[in-house]
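Rule-based calculations on the coordinates, nothing more; no lab input. What you see is a predicted model, and the numbers here were worked out from it, not measured in a lab. Heads up, the Cβs are rebuilt from the backbone with ideal geometry, glycines too, and the neighbour counts pull from every protein chain shown.
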Amino acid sequence: MKARKGKYFPFGAHVPGNKELSSGSMIEALPPQEFLTINVCQHIGAPAIPVVEVGDNVKKGQLIAKEGGFVSANVYSPISGEVVDISAKQNATGAMQTHITVKNDFLNEEVFLPNMVEITPSSIIERIRLAGIVGLGGAGFPTAVKLMPKDPVDTLIINGAECEPYLTCDHRLMIEKTDEIYKGIIYLKKALNVDKVIVAIEKNKPDAISLFERFDDLDVVILKKQYPMGSEKHLIYVCTGKKVGLGQLPASVGCVVQNIKTAIAVYNAIELNKPLYEGVLTVSGHGINTPKNLLVPYGASLKTIIEYCGGVVDDSVKYVAGGPMMGKAIINLDVYTKKTDSGLLALIKGEDDDNLPTNCINCGKCVSTCPMRLTPVLMEFYINAKDFKQAEKLGVMNCIECGSCAYNCPAKRALTQSFAYAKAKIKEINAKETAK
Amino acid sequence: MAEFKFSQSPHIKSGNSTRKVMINVLIALLPATIMGIVYFGIPALLTILTAVISSVGAEFVYELILGKKFKSILKRFDFSSAVTGLIIALISPANYHLYIPFIASVFAIIVVKMLFGGTGKNLVNPAAAGRIVAFISFTTIMNNFVAPNIACIFDNVITGATSLQSLLFDGTRLSTLDLLLGTGVAGCIGETCKIAILVGGIYLAIRKIINIIYPLIAIAIAGLVAVMLNGFDFGVFLPAILSGGLIFGAIFMATDYVTNPVSALGKVVFFIGYGALTSILRHFTGYETASFAILLMNLLVPLIDKCTLSKPFGYKKAKKEAK
């Protein structure tokens, strides 16, 4: 269908994209690694429980950790070989999580999921759950759970906004794997039993937009170049004009949002019987010698990925997993890729922010930027005064931590940081109060 | 491999900084400063130098007394005290009583700004407060304006009284062109040439430091209130807005970030209040009251902020469902 223009949501930031660093490079596969160290908690929810033991032989596509609850996801081995270690290791943010290390035997023996007998909504959802598919946009919420909303839905929105600067993996996938994405979308549509499918793509990807316009049953929406366009609530608003209420899920307005990469994973799981064990990652930033879009097995160490991309320049100072606006800084490179990763950035001096915060000058830039229309300046004031109740009243719990306020702050205040802190603190306080 | 830096997102930030904002304001004040020196000569230059140097000096001396290292003060210096000093000079009359801008600047920086915690912590606009201290302490000198030594285009030269005073007291009006250019208009150093002030305002708007809408609201409201107070005589509209420090105050002083409400609605309320108060106070006191209006509105900012909080995205929906 001919693309239509999306709405504009008030406020939000205008962040330089820096996408040209890697948007031209084809997706290539990382060469087979000798060791892969696979995290059992690559999603939101309960960690998966390892079902293999040290010394076991596993094949490519074999289940190695089983979902540990309703909101959880299976984990599969991306290579064939021997399990050499199961122990707690640091993840990218420093938390200790169980990792399964597999030594590659380079035999490439495969054992995939069985063929699907019939394709019905429930069998598709069951297959998605079995394949361990989670929301690959970054949150990592199990897709199968998301496909069983409590409210009736009528619209499926495919998020191809990729509003984070630097990241180009969704863009490359949309160009190179258009048909696979389309088929995945059709399965998702069937699973949700909806008529309307919207594919939302940001204006800066005209090639991807024209590729999707070919499909008659897709409603392509051209998004304005604005950050955070990929935020679920804002995406729904610009595509359908509906506003998701505070603390509500998208299903409350009849929408479900899925990522481009999730659609590919669904296609792989249903047509190729391939469980989710690898994904595309953008390796970029001015600190990387040759920025690339890489297909990596989950569990590859970041060090080997950076080495494959020609290493880093000398004055790179910061490594980020994910995009620069919402990604997490990495404490060391001996951590391993997981399902939710979409980028690995090396930022050089001057590219990252290294200014210490100064006094707030009350300029109101944060207020005129906040896409959730909160008042960051006052919220931060109360948080610094440890008055969490007042901060909650001002709506800090509605903060989506997009970083727009901190990005625009002339005083370089760590606004997002204090809101993340306050949100955790308020949850803690409220939990204590309900316990009383 | 270099050391790892660790911090919360976002990992990139815009190039905006307090120092850049203040330097931009200084640049925007340049046209008014230059025109002031052209019109009023050496006394104007001396007043400007005294005010700027004593403002910046006061900040450094205060920080040094607090035991900060000179280098770290220099590193954190954000030019806001220079802006304060320059504004104080530009809203003073040109004369050789240099102790007045000195006292005003030191008061503005030490009492109004630094004692409250430095940049961003002051409750009221330091320049406005400094001017008011000088005005109240040295009323005669502060009210004794000289006409610029450039001849008036139309020869109704007035010495001693500003166009505002003549407007308020004897109803004589200068031509609009004279008022715009400041030729033949007695007044403060930086406030007479409205064109120069507007050029500065447009520069600030282009650099997105201020939104030009708000000052325009204030100016329009001030004109309308003056019209109403004069029995709906629309002839006073232009003279009222082009006289005194209204435009200068609206563009450079009322827009001061620190003492402004944060939300767009709050800013509209603030600027309407500023414009209306200026005209009302002018009418009933017979003095230039732009600074007083700014000061009064500054004190209302926390209240305005509280009353004009924006509703979060998707708020209405939640309310409906709760019912």
Output the peptides B:269-280, A:40-51, A:241-252 sorted from most to least packed, where packing is the average of other Cβ atoms within 10 Å over each peptide's residues. B:269-280, A:40-51, A:241-252
Just to confirm a number: summing +1 for Lys and Arg and -1 for Asp and Glu over residues other than A:S80 whose beta-carbon lies under 12 angstrom from that of A:S80, what do you get? -2
At q = 0.07, 0.09, 0.14 Å⁻¹, what base-10 log of I(q)/I(0) does the Debye formula yield for chain A when every alpha carbon is treated as an equal point scatterer in vacuo? -0.34, -0.57, -1.44
The answer for the net charge of residues other than A:K328 whose Cβ lies under 15 angstrom from its Cβ, with Lys and Arg +1 and Asp and Glu -1, is 0
Measure of size requested: the Rg and Dmax of the stretch B:61-115, with Cα atoms as the atom set and Å as the unit; please supply both. 12.8, 36
For chain B, the longest principal axis of the Cα atoms and the Cα long axis of helix B:213-229 enclose an angle in degrees, to the nearest 10, of 40 degrees
For the pair A:I44 and B:C307, how long in nm is the line joining their label points, each one 7 Å along Cα→Cβ? 4.0 nm
Say each of B:L177 and B:I136 gets a label point 7 Å from the Cα, pointing the same way as Cα to Cβ; how far apart are those two points in nm? 4.3 nm
Could you work out the local net charge near A:I270, counting Lys and Arg as +1, Asp and Glu as -1, over the other residues with Cβ closer than 12 Å to its Cβ? 0
Counting alpha carbon pairs within less than 8 Å and at least 6 residues apart, what relative contact order, in whole percent, applies to the stretch B:210-307? 34 percent
Please list the equivalent ellipsoid semi-axes of the stretch A:365-435, computed as the square roots of five times the alpha-carbon gyration tensor eigenvalues, in descending order and whole angstrom. 22, 11, 10
Would you work out the charge dipole size for the stretch A:311-400 about its Cα centre, treating the Cβ of every Lys and Arg as +1 and the Cβ of every Asp and Glu as -1, and quote it to the nearest 20 debye? 520 debye
FRET efficiency for A:N384 and B:I213, using Cβ-Cβ distance with R0 set to 35 Å, rounded to 0.05: 0.65
Between the stretch A:370-408 and the stretch A:98-122, what's the alpha-carbon centroid distance in Å? 44 Å
Go ahead and estimate [θ] at 222 nm for chain A from helices alone: -39,500 (n - 2.57) per DSSP H run with n ≥ 4, summed, over the residue count, rounded to 500. -7500 deg cm²/dmol
Per the 1/(1 + (r/R0)^6) rule, R0 = 25 Å and r from the Cβ atoms of B:Y99 and B:L74, FRET efficiency to 0.05 is 0.35
Using θ = phi - 60° and the Karplus relation 6.51 cos²θ - 1.76 cosθ + 1.60, list the HN-Hα couplings for the stretch B:40-52 in order, rounded to whole Hz, with x at every Gly or Pro. 10, x, 4, x, 4, 4, 5, 4, 4, 4, 4, 5, 5
To the nearest 20 debye, the stretch B:1-146 has a Cα-centred charge dipole, built from +1 on Lys and Arg Cβ and -1 on Asp and Glu Cβ, of 460 debye
Loop GluC sites (Glu not before Pro), the stretch A:1-108, which have at most 13 other Cβ atoms in a 10 Å radius of their Cβ (DSSP): A:E34, A:E53
What FRET efficiency do you get for A:K66 and A:N193 if R0 is 25 Å and r is their Cβ-Cβ distance, rounded to the nearest 0.05? 0.30
Please state the shape class of chain B: rounded when a/c is under 1.5, otherwise prolate if a/b exceeds b/c and oblate if not, all from the C-alpha gyration tensor. oblate
For the stretch B:67-91 and the stretch A:183-200, what is the separation of their Cα centres, given in Å? 60 Å
Measure of compaction for the protein assembly as shown (Cα Rg per 2.2 N^0.38 Å): 1.15
Given 0.36 nm per residue, what is the gain on full extension from A:M116 to A:K7 after removing their alpha carbon distance, in nm? 35.2 nm
Hey, what did the stretch B:19-138 get for relative contact order, percent, Cα under 8 Å, at least 6 apart? 30 percent
With the crude spin-label approximation of a point 7 Å out along Cα→Cβ, what separation in nm comes out for B:V199 versus A:K89? 6.5 nm
Normalised by the residues of chain A, what does the relative contact order come to in percent, with Cα pairs under 8 Å and at least six apart? 19 percent
